[in-house]
Every structure is written in C-alpha cells, then in structure tokens.
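Below is one structure, written out as structure tokens, with a few remarks after it.
Here, each number is a calculation from the coordinates, and none is a lab measurement. This structure is a prediction, so every number in the text was calculated from the model and none was measured. When we count neighbours, we look across all protein chains shown, and the Cβ atoms used for this are built from the backbone with ideal geometry, even at glycine.
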Amino acid sequence: MTGPASPPSGPGSGSGSGREFAVSLIDARDPAVVGGKGASLGELTRAGVAVPPGFVVAVAAFTEAMTALDPDGALRAEVEALPSDDLDAIATVTARVRALITEAPLPDSVASAIAHAYVELGTGGGAEDILVLVNTEVAVRSSATVEDSAAASFAGLQDTYLGVVGLPSVHDHVCRCWASLYNDESVAYRRRLRLPEAGVSMAVVVQRMVAPRAAGVMFTRSPVTGDRSVVAIEATWGLGSALVSGDVTPDAFIVSKVTGEITTRRVASKIKIHRYRSNGPGVTVEDMPTSLRDVASLTDGEIRALAAIARQVEAHYGAPQDIEWALLDGGGSVDADADIAAAAAAERIVLLQSRPETVWAARERTPAGAAKPRPADHVLSLFGKPL
Amino acid sequence: MTEPAGFPLPSQIADVPGAENWRSMYRYFTRFQPDDDKRFWFYNSMHFPEPMPAFDTITGEVPYQAIGANTARLFVFPTTLGIEHRIVNGRVYITANPVLDPAEIERRAAEFGPRAGYYFEHWDSLYEGWKDRLRALIAEIESISVPSLPEWEPAEVVFGAVGVAQNHYLQENFHRVLALYSKMWHHHTEMLMLGYGAYVVFFQFCQQAFPEISDQTVARMVAGIDVIMYRPDDELKRLAALAVELGVDDLFTEGCVAADVLSALESRGAAGAQWLEALGKARDPWFHVSSGDGFYHHHLSWNDDLTVPFTALPGYVAAARGGGIRPRPTEQLIADRERIASGYRELLATSDEQAAFDQMLGLCRLVFPFVEDHKFYCEHWFTTRFFQKVKAFGELLARSGVIAAADDVFHLHHTEVDEALADVSLAWAAGSPPLGSSHFPPIIAERKRMLKVLADWSPPPALGPVPEALNDPAVRMLWGITSERIAAWLNPDPDEVVGVAASSGIVEGIARVLHDVSEISSLRDGEILVVPVTAPSWAPVFAKIAAAVSDIGGAMSHAAIVAREYGMPAVVGCGDATKRIRTGDRVRVDGDRGTVRVLE
C-alpha cells in the first residue's frame, strides 16, 4: 500500500476517445458532471489538501451505459409508471433493472476510459510497469448528482466498495454503484415524490485505497453545541466506517481553534474494528485487539495536525465543514516537540470527504449579547435579572 | 452505600461522636435553626476546608457582615441580599438570601444602577484612593501595641496627667484590632463584588457565544500581567541573583534551614550584611504573603515562617548561577493574551456582538488590577498583621497564666479573649492572680481534642432541599455553585475528585499531600502537589512540580494564573482533595475537565 501521492495531472490523463467518461480528480468541478462527492474531492485536491488520488466515472458514462441498455427509455418509463405504494411491484421491477445494469457489458468507450484512468492511477501516470496496474487497490464510491441530503441518502450515496482490485472488478463495482440508483427504497422514494426517472443519474469516484491506522470524522464546529471556536474530532482504529455505522463508540477530542489546546480527550472503549478485504463484500467487523481497545487512537500531534487541516478546509470553503479523514501508518515515532510531531503527522493524513455542516447552519442563533450605552450596563443588567 | 434522593437536612446532622460538645466553641448566632431545614445550604469548603478553631470563626463572622452590607445595603444589589452562615460540627455552611419579588427587584435596581455605575465610571481613581485607605489601615494595625502591664506605671503618666493606666488599653487596643479587621473587610468587599460582576458578565457572554470555551481560556483573556501578587516571587528571584553576585550563594543548598543560613550570613562580612539588608527590605511588605488565604490563624506568612522562601531559594540560586533566572516573559504573555482575545472576537458572527465583547473585556481589564491585587493588601498583608497582633495578645495572656501558650488564644472566641483580658486587667489592678488560669486551660485542651476529632468528619457538600433553579449570579460568581455541580455532588465517583479546571493539560504522577507549608521541604521534583490552598506564597515551588491540586480556589485565583504561565495542569477548589488523596497515590490530574483520579 502506498501513501497519498500527488494526483495524476490533468493533461494527458484519460485522453483519447473516452476522456469525457473518466475525469481525473484535479479536473473534477461540476457536480452535474462528476457528482457532489467528485466535485468536492476535486475542490479539495485543487486546494492543496491531500486526498487519495483517483478519478471520477462521469455522469456521461452512466448516460452512455443506460442508453445502450435502454435505448428507447422503455425500461425507465416502466419504472416511472410504478405506483409508489406497490412495494411488491417495485421490488420485482427494480431487481430486474439492477440485474440488467450489473450483468450487461459496458459500452466499449466507457470501459476503455475507465481502464485508461485505472492504469494511470496504478502507474502514477507513467508507463513503466504495466503489471502493477492489475494490483492497484481502489475504493469505488457513488457520487450523487442530487445534493438534497434525504434524496442523496436514498440515491445510494452510502454505497462504497473498498479494496477493489483489478480492472474487471472495477468495472463490476462501478456498475453496482449505478445499480444502487434502483434500490427498492430509492425508487419508492422517487415515486412518492413523482420525480422523473429521466433525471436520474450518478457519477462514481474511484480512488486509490488507503488502509488507515485510524480514521474518523471531524467537524469545524462542535456538533453538540454548535460552537465555532473548536474542531471536534471523532476517531477509531482502522476504517472510519466502524464509527459511521455505530459499531464503536469513538474516541472524542475537542481542539480550540484559538488557543490550539486540546480541551477534551475522551478515550472510549472501542470494542470493534472494521477492516476491508480485497474484493470482499464490504468490510469485516472484528473484535478490537485488547491491546488497542482502550488506547487513544490519535496522538496529540495527530490531533493537532487534523485540527489544522480542518481549519484550512473551513477557511477554503468559508463555512463550517463536516469532514471524513484517514490517518495512514507511518513509523509512529513520538516526537517531544509538539510542532514537529504535528508536522510529521500532517504528512500521513488524507481526507475522504468534506461537506458543509448543515445541522447548526440551519438553526436560528440567538446573539450572545449586544453593545450597551455604557460598558457597566452589562453588569447592572446581570444583577438586575430576576432569578 | 445507596445514594439518597437529596442532601440531608441541617436538623438531621448528628454530632460527631467524641465531639458532641462542639457547640461550646461557637456563638449562638452560627447555629442552625429549625426553619433552616427549608433552605438550601452548601458547605463553604472553598474558604473553610477545616473545622474552625474558635477564634478563627471571626473569618466568617466579619467577612459575611461586610459582604452582606455591601450587596444588601450599600450598593443595593437588586436580586441579592446578604449571605447567612451556620456552623455544624465545626464546618461553615452558607446560603444566599435572594430577592424574588419582581417589584422589590425593580425598586432596588433603581438604587443600584447609579451607585454601581458611579464606581465603574471612576474605577481607577477610586482604586487609587482605596489603596491609600488600605495602607492607612495596615499602618494603624501595625502601630497598635499590646500593653506590657508593668509593676507600676512610669512616672510620666502621672506628671503628664495622662490619668489612664495600661490595663485600660488591654481591651481598648484589642477592640481596635477587631474594629480594624472589620473595616478592612468592608473595604475588601467595597469594590470586589462589582469587580466580580464584570467577570461574570464576560464569562457568561463567552459561554453563550462559545459553549465549549473553558473558564481558564476566558481567564487568560482577562488576566493582567503586571500585578503585585507576583512581587513576593520576584523578590525571591532578585535575592537569589544577589546571593550569586555577592558570592554567598554556597549557603543556599537543597534542604537548607533558614535560621542556619541567616546566622552563617552574619559571619560572611560585608557581602553577608548586604544580602541580609536586601532580605530585610524585601520582607516588608512582600514577605507578609500568607501560605493560605487568610482564613485560618495557622496559615502563616513567609515572615512568620521562612520555610517557603528558603525552600525556593536554592532552586533560584542554581538558576541564577547557571546563566541567570529567566524573567517572566511578560511581552510574550501579553501577546498571547491579545492573540486569544482577537481570535475569539473574530469568530463572533456580528459586529454588535463584537462591540459587546469589547465593552465587557474592557471592563474586566479595568477591574482586574483591583480584583487580583486586593488580596495582597487584605488577605495577606493586613491579615498577617492582624493574626500577629492577636497572637501578641495571646502572648500576654500566656505570660499572665490565663492560657498555656500564645497560640492557645486562637481556641477562644474573640468575645472570650475579651473576657480573659478583662480578667487580666482586673487581676493586675487588684494585685491578684487572674482567675482564668483555672478556667480556660481545660476548655482549650478540650477544644483542641474536639478539632482533631472533627477533622475526620466528611461534611456533606450541601444540606436541605435542592432549589429548582440555582442561577443566583452572586453564588455562581463567588463559589461556582451551579446546578451541574450539585448534580455531581449527588452522584459522586469514589475515585474521582472534582474541582475547577484551572490550567489545561493532563499529567499522571505521584501525589504529595502537604497540609502545612512547613512540610514543603519533603516535596520532590516532578511530584503532584496537593494542598489546602495554592496561595501566591506557594508559587516558588511551581518550578518543582508537575501539577497542582488544591481544596480552595477558582479559575481566576492567583495559583491558577501561575499554573497557566508554567503550562502545568491544575485543578483547584476541590474541597476535599487533601483528604481523599494520600501522599504516594498515583493520580491523574486532568486540567481540562477539572478532575483528579486516584489510579492506585
């Protein structure tokens, strides 16, 4: 497993007939083309934040594949005609659609664009060792074009396949992401809202796999109190999915953006660990080794490095962020100097996602106070307040 | 133990076996009354972590009459009258008298506004005048003499037609000492309640705007850098540098004894004399700093017991020899303070909030010098002189045979001291022995015995019904009593001591519990200091320790400020840390959460 390298550069990557079907991350901009996740990872990449290198199978590829599969739109019209309350009918029809999508061969143009991008990812853009490419482990994730969070979750935003190895498997998992658009729940949801099936589309992000030592999420404001002066970090050993799925109570750390102090360290008893298997179905859930269970999954240097990156990302977007991150293995040397330790740790951090924080952003905020005619009036009103 | 639903009622507190006679030490007006069961009381462990010797109850009686007068009668605080205190089994419980009737609050507010506003508007000049008044009080108490009761009066008393004999001044002078102590406390509270009020509004504003902000971070924005509470420690550093300069530094070795060093210096010629002269200058007033907060007679000052300064001096001397003592990085501290303040200011969402922030922070910094420095004038300088003077009366009583030793005077209430002085006065005049010599010694012996028994009692943190809402700003301001604190009291963790998070960081280490400043020489490098009070006089030992834990103190206490400057974790105001932690325990001090966990 290699660490994060600089992403494949734009020009020259994915060139040829299929260029529009595979977009390298550094060129991923328009959510309508690369989906929300793809656009966000592209922006992070361009902002100089380390993300695992990769490419996006663009919406156009999905469209191309669906056109080949359903040239006159009859299949999608059939889906659109399903009554939203007839779950049996939905289950029957969508199972057929999913099978078609996952079993039909990809159009040549799409398959070769993905192949080209995958080869480049494996070789870092050079052509030296073509054998490496077949062993490049990647993560394949759906990247919805609909940003509405409820719709996005039904649209299969959660679909993530880890440890995908080899071109046939990459092709296969891209198709599985597409097929997730036709999950029973997604279709039932669209039917309830009477959304046109013609507007349904998806991009797929393919990134070099990272095997994190620890991973988690972080918010550039407190998720509990909404405080914007802190970065709240949650972490566990291994894959962050253990935390997202609720299989572990994560370690929690709070860092002041102003003083840099780690004001809260809550080390949880982390009973499970998520690991991935190459081309395996999802992740495996294992018992946490006892030697790690009650040990903090991050050092102070790593906590500070994460907080610094969180602030950088927040400053880039100009709004509080909800960030998924991973920390790669790296010697684990303990440096007495806090700044050096943080700098060393920063080299090993990659971001998997950043999106705007929505919960507190949507809330009405009561101002903490307002200026008064004289400063002393603040004290006078304090003691004038009834109990 | 199964946890009861609430706290016991005052009437349910049983006498501690073996000390059933504790009431004999305290005045009637400190007793719980039947109606007190209806109110919520909390144990003031912050100021009174030990059972009260009879004389020391004056440190409750006098401050509470001064504080209440200030809030209820002088400034007419709208929502707060005064504080009532009670003593049970030797411990001081208090409750605040709130004003609840909205019409009454409004009526009081009309008075309060102009009165408090006047002090804030003229704060600096009023503080200058205040310092003059305090210095005058100190000069006055220093000038009071204890009559020596000669065999007969000097002839000049007759030829000068003075007409008044010395025994008269026994009581007059003692009364003056008490009166000055009361005046000092009135001045102590004169500006303090308003000053704390400025802190409270800023703390509340910051907590509203930044719910995760720690009290210590708010305190860092407020803290002044040049305050006189640093002077005693600075004087020690200066003396250490001088010792090296004069070549007498060889005398300051680890574990050196003050008396031996002083006598050795006398045989060191001009250099020794020069150092002793510098020491003499530093001692008045800077060595009047108390090893406590002035609430117990046995919290001695550096001048009373040179152990603390002479424990710190060898370290400072070694530093001075090795290229000089690093001065406090005041510019850096000021820069940090400004960086933090502007960092939070920028995070505020609106310019109106920023303007409010500026006003409140400005007000805090205006009042800060008084709030920090008043302690030196009041709790240290004046109070050291006060207890010394009372002890001088004790010496006279001991010479007269009424009590066995001078310190025994502190086991008599001040009204009983007054009685004893009347007895001595009568006896001197009559030419007979005082009758107290058969009256007081057994009483004092019994009280000393009871205090030892009472020291082992674990007082409940609170008594009486828990109020539905407890947000009295005065109570929160002075004692940090909040609904959360009460909830924690009701569900204590046996291995965790909870206090105020005073200085950030987490450290594990071996605890050294020191009950008295005289034990300070047992402290080893890297230990965690656990003490009743981390008074400014302890500051010099901060260079040796890994963390500080105390029974008394808040986030704005001097010890907390010093700990933050040393960058060491500190948890203060724990109430019973010195009781629950033992020397040699391995403990984890969490200066972020304000907890100390006993690990083994």
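Among A:Ser291, A:Ser245, A:Ser142, the largest mean-square fluctuation in a Gaussian network model of chain A, built with springs joining Cα atoms closer than 10 Å, belongs to A:Ser291. One compactness figure for the stretch A:19-208 is 1.02, namely its Cα radius of gyration divided by 2.2 N^0.38 Å. Taking packing as the residue-averaged number of other Cβ atoms within 10 angstrom, the listed peptides B:347-355, B:360-368, A:202-210 run from highest to lowest as A:202-210, B:360-368, B:347-355. Taking the longest Cα principal axis of chain A as reference, the axis of helix A:87-103 is set at about 70 degrees.
Separation of the alpha carbons by more than 32 angstrom is noted, of B:Lys131/B:Lys281; B:Lys448/B:Lys544; B:Lys237/B:Lys448; A:Lys257/B:Lys131; B:Lys38/B:Lys131; B:Lys281/B:Lys544, for B:Lys448/B:Lys544; B:Lys237/B:Lys448; A:Lys257/B:Lys131; B:Lys38/B:Lys131.
Here the contact order of chain B, divided by its residue count and restricted to Cα pairs under 8 Å and six or more residues apart, works out to 20 percent.
Based on the Cβ-Cβ distance of B:Leu276 and B:Asp234, what FRET efficiency does E = 1/(1 + (r/R0)^6) give at R0 = 22 Å, to the nearest 0.05? My answer for the efficiency is 0.70.
Placing +1 on the Cβ of each Lys and Arg and -1 on the Cβ of each Asp and Glu in the stretch B:109-176, which of B:Gln171, B:His122, B:Ser143 has its Cα farthest towards the positive end of the resulting dipole? Of the listed residues, the answer is B:His122. Considering only B:Phe48, B:Gly505, A:Thr259, the residue lying farthest towards the positive end of the dipole of the protein assembly as shown is B:Phe48, judged by Cα position with unit charges set on Cβ. Please report the antiparallel percentage of DSSP beta bridges with both residues in the protein assembly as shown, rounded to the nearest 5. Within the protein assembly as shown, antiparallel bridges account for around 90 percent of the total. In this label model, A:Ser112 and B:Ala404 are separated by 10.9 nm, measuring between points 7 Å along each Cα→Cβ vector.
Spatially, the stretch B:273-331 and the stretch B:352-366 are offset by 36 Å when compared through their Cα centroids. Taking the DSSP beta bridges with both ends in chain B, the antiparallel portion is around 75 percent. Net charge in the neighbourhood of B:Arg399 (other residues with Cβ under 15 Å of its Cβ; Lys, Arg +1, Asp, Glu -1) is -4. In the protein assembly as shown, the calculated helix contribution to ellipticity at 222 nm averages -14000 deg cm²/dmol per residue, counting -39,500 (n - 2.57) for every DSSP H run with n ≥ 4. Basic side chains Lys and Arg get +1 at the Cβ, acidic Asp and Glu get -1 at the Cβ, and with that the dipole of chain B about its Cα centre reaches some 120 debye. Sequence-distant contacts, meaning Cα pairs under 8 Å at least 6 residues apart, place the relative contact order of the stretch B:114-179 at 30 percent. Converting phi to 3J(HN,Hα) with the Karplus coefficients 6.51, -1.76 and 1.60 and the offset θ = phi - 60°, the stretch A:178-190 yields 4, 4, 5, 4, 10, 4, 3, 5, 5, 5, 4, 4, 5 Hz in sequence order, with x at every glycine or proline.
For chain B, dividing the convex hull volume of the Cα atoms by the residue count gives 185 Å³ per residue. Where in the stretch B:33-49 is the amide nitrogen less than 19 Å from a point lying 7 Å along the Cα-to-Cβ axis of B:Leu100? Of the residues in the stretch B:33-49, B:33-42 have backbone N under 19 Å from the label point off B:Leu100.
If you average the alpha carbon positions of the stretch B:574-596 and of the stretch A:66-101, how far apart do those two centres end up, in angstrom? Using only Cα atoms, the two centres lie 66 Å from each other.
Farthest toward the positive end of the dipole of chain A, out of A:Gly36, A:Val57, A:Gln207, is the Cα of A:Gly36, where the dipole comes from beta carbon charges about the Cα centre.
From most to least packed by mean Cβ count within 10 Å, the peptides B:153-163, B:282-292, B:397-407 give B:282-292, B:397-407, B:153-163. Once you have all Cα-Cα distances for the protein assembly as shown, histogram them in 20 Å bins from zero and send the whole-percent values. Per 20 Å bin, starting at zero, the Cα-Cα P(r) for the protein assembly as shown comes out as 11, 34, 28, 17, 7, 2, 0 percent. Taking 0.36 nm per residue of separation and subtracting the Cα-Cα distance, full extension of the segment from B:Ala259 to B:Glu20 would add 81.8 nm.
Tally Lys/Arg at +1 and Asp/Glu at -1 over every other residue whose Cβ is under 12 Å from the Cβ of A:Ala28; what's the total? With Lys, Arg at +1 and Asp, Glu at -1, the net is 0. Between A:Ala319 and A:Ile271, the contour length at 0.36 nm per residue exceeds the alpha carbon distance by 13.9 nm. Its Cα gyration tensor gives the stretch B:126-234 an equivalent ellipsoid; the semi-axes, largest first and in whole Å, are 49, 14, 11.
For the protein assembly as shown, a crude dipole built from +1 on the beta carbon of Lys and Arg and -1 on the beta carbon of Asp and Glu, taken about the Cα centre, is about 420 debye to the nearest 20. Per residue of peptide B:352-363, the mean number of Cβ atoms on other chains within 10 Å of the residue Cβ is 4. Within the shell of other residues whose beta carbon sits under 15 angstrom from the beta carbon of A:Thr290, the net charge comes to 0, with Lys and Arg scored +1 and Asp and Glu -1.
Under the convention that each Lys and Arg Cβ holds +1 and each Asp and Glu Cβ holds -1, the size of the dipole of the stretch B:228-321 around its Cα centre is about 200 debye.
Only beta bridges with both residues in the stretch B:494-598 are counted; by DSSP, about 60 percent of them are antiparallel.
Computing FRET efficiency as 1/(1 + (r/R0)^6) for A:Thr249 and B:Ile506, where r is the C-beta to C-beta distance and R0 is 22 Å, gives about 0.65.
To make sure I understand the rule: partners must be lysines, Cα under 25 Å from the Cα of A:Lys372, and not fewer than 8 residues away in the same chain. Which ones qualify? Partners found: A:Lys385. Annotation: extensible slack from B:Ala422 through B:Arg345 equals 21.4 nm (criterion: 0.36 nm per residue apart, minus Cα-Cα distance). Each of B:Leu412, B:Leu192, A:Leu193 has some number of other Cβ atoms within 10 Å of its Cβ, and from fewest to most they run A:Leu193, B:Leu192, B:Leu412. For B:Lys452, the lysines whose Cα falls under 21 Å of its own Cα, not counting residues fewer than eight places away in the same chain, are B:Lys579. Going Cα to Cα from B:Lys389, which aspartates and glutamates come in below 13 Å? Please leave out same-chain ones fewer than 8 positions away. Filter leaves B:Glu140, B:Glu142, B:Asp304, B:Asp407.
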